[in-house]
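Visitor: My questions all concern the structure below.
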Amino acid sequence: MTVMKMAVRLLARREHGCEELRKKLLAKQLNVDEVDQCLKELRDKDWLSDDRFARAFVEAQAALGKGPERIQAMLISRGISSSSVLLSLEASEVDWQKLAIKVLKKKFTSPPVSLKEIAKCINFLNYRGFSSDHVRIAVESFQPLGE
């Protein structure tokens, strides 16, 4: 199977970032020059786009309840430029504050009353990748479901 066919098969399943696709192809012991040429052709045809991948990734990860800071770190670790990451986060229609509250209510069935419970809520939202402002407002405004 040619490098191009392998790359197109991977892209048919889902969007990929350029560096991510390159790593997958090179893991199959393919020629580096052929892989790089293939990636250039795919970018020229607009079949491969870091910006498009980043936008899709932001939406998918937000749907899983992850916050913007974690998503940013995940994209950068996948070889997406900081500018593409920031543009994708800004272009998303996700209300990060509402998402933080929703994720918190899903995890914890009742509002925190002790300092230990508040710390658990804060740590959970920090781990999920929400900013300190999102965390603070979410914990302060936490009301039981149905209220």
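The values are calculated or read from the model by the stated rules, or taken from the named source; none is laboratory data. As the structure is a prediction and not an experimental result, all values here were calculated from the model. All Cβ positions, even for glycine, are placed from backbone atoms using ideal geometry, and neighbour counts span all protein chains on display. Surface areas here come from the heavy atoms of the whole protein model, side chains and all, with no ligands, DNA or RNA. Shrake-Rupley method; radii C 1.70, N 1.55, O 1.52, S 1.80 Å.
Visitor: With respect to residue 113, is the statement that it is more than 25 Å from residue 51 (Cα to Cα), in a helix (DSSP H, G or I) and either open to solvent by less than 90 Å² (accessible area, probe 1.4 Å) or at pLDDT below 95 (or both) true?
Guide: When the stated conditions are applied, residue 113 does not pass them.
Visitor: Looking for whichever is acidic (Asp, Glu), surrounded by fewer than 18 Cβ atoms within 10 Å (Cβ to Cβ) and under 16 Å from the mean Cα position of the chain (by Cα) here; the options are 19, 41. Which one fits?
Guide: None of the other options fit; the residue is 19.
Visitor: Quick check on residue 104: is it in contact (Cβ under 8 Å) with a residue 24 or more places away in the chain and within 20 Å of residue 15 (Cβ to Cβ)?
Guide: Values: in contact (Cβ under 8 Å) with a residue 24 or more places away in the chain: yes; within 20 Å of residue 15 (Cβ to Cβ): no.
When the stated conditions are applied, residue 104 does not pass them.
Visitor: Anything in the range 37-71 that is without any contact (Cβ under 8 Å) to a residue 24 or more places away in the chain and closer than 24 Å to residue 134 by Cβ? List them, or say none.
Guide: Matches in the range 37-71: 60, 61, 63, 64.
Visitor: Then there is this: Which one of 93, 59 is assigned to a helix (DSSP H, G or I), acidic (Asp, Glu) and touching an Asp or Glu at 6+ places or on another chain (Cβ under 9 Å)?
Guide: Numbers: 93 fails: assigned to a helix (DSSP H, G or I).
Exactly one residue qualifies, and that residue is 59.
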